[in-house]
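The values are calculated or read from the model by the stated rules, or taken from the named source; none is laboratory data. Note that this is a predicted model, so its numbers are computed, not measured. Every residue, glycine as well, gets a Cβ built from its backbone with ideal geometry; the counts of neighbours run over all protein chains shown. Remember, those area values only see protein heavy atoms, side chains included, never the ligands or the DNA or RNA. Shrake-Rupley method; radii C 1.70, N 1.55, O 1.52, S 1.80 Å.
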Amino acid sequence: MSSKTAQLNELIEITRDGKRFYEHAHEEVKDIRLQALFRDMVRAKTEVIDALSVKVAANQSEPASGGTMLGKLRQLYADTRATLAKDEDATYVAQLEEAEDRILHAFEDALESADNDVRVLLAVEMPKVRACHDRMRALKQNMQ
């Protein structure tokens with residue numbers, strides 16, 4: 001596997017962690033506005049994953065199909081905190097905002113070191129990544 005493919009697959013895994021976390025949080029929260037937001041975020045993550053997967057496949061490699069252990073641990077941590085918290089929804093929002101931080105930083109780091117063809121793809125996907133991050137950051141700030 002080339003370093004380019006490894007880099008893209010790592011981004012796929014991190015983005016998939018976020019997608020799965022939003023799917024899980026969608027089932028846990030009661031607020032229908034949050035549920036709608038989380039569905040939107042799942043769609044955005046799916047679009048990014050699909051775009052990155054196409055590039056991996058074009059490089060004659062298999063796109064990552066899983067997530068990361070850290071992603072699973074973060075979700076478990078969020079569930080535990082939400083169970084103990086007064087405001088479960090705010091706890092999920094805060095944890096999802098941290099997941100967005102992780103995704104954004106991974107994309108920013110990849111942009112710095114990526115080959116030109118990957119850099120072009122990441123530049124196209126970056127507005128979606130940044131929009132998701134900013135949306136959750138604003139929501140977290142409004143809930144505090």
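Report the local net charge at residue 17: Lys and Arg +1, Asp and Glu -1, summed over other residues whose C-beta lies under 15 Å from its C-beta. Before the final figure, lay out each step's value.
Working: positive: 16, 19, 20, 45, 72, 74, 102; negative: 10, 13, 23, 79, 97, 98, 100, 101.
With Lys, Arg at +1 and Asp, Glu at -1, the net is -1.
Heavy atoms only, probe 1.4 Å: what % of the accessible area of the chain goes to carbon and sulfur, would you let me know?
Values: 3970 of 7680 Å².
Exposed carbon and sulfur together represent 52 percent of the surface.
Build a GNM of the chain with springs between Cα atoms under 10 Å: which of 125, 62, 23 gets the top mean-square fluctuation?
62
Take the eigenvalues of the Cα gyration tensor for the stretch 3-143, scale each by 5, and report the square roots as semi-axes in whole Å, largest first.
Details: eigenvalues 156, 42, 31 Å².
Semi-axes, largest first: 28, 14, 12 Å.
Report the accessible area of residue 53, computed with a 1.4 Å probe over the heavy atoms of all protein chains in place, in Å² rounded to the nearest 10.
For residue 53, solvent-accessible area is about 20 Å².
Rounding to the nearest 10 and keeping the result within 0 to 90°, find how far the Cα-based axis of helix 116-143 lies from the longest principal axis of the chain.
10 degrees
Taking springs between alpha-carbon atoms closer than 10 angstrom, which of 103, 32, 12 fluctuates most in the Gaussian network model of the chain?
Comparing 103, 32, 12 in the GNM, the peak value goes to 32.
If I build a Gaussian network model for the chain, linking alpha-carbon pairs within less than 10 angstrom, which residue out of 57, 90, 114 has the largest mean-square fluctuation?
Top of the fluctuation ranking is 57.
Could you tell me the relative contact order of the chain? Use alpha-carbon pairs under 8 Å, at least six residues apart, and round to a whole percent. Write down the numbers at each step before the final one.
On the way: 139 pairs, mean separation 43.3, N = 144.
Reported as a whole number, the value is 30 percent.
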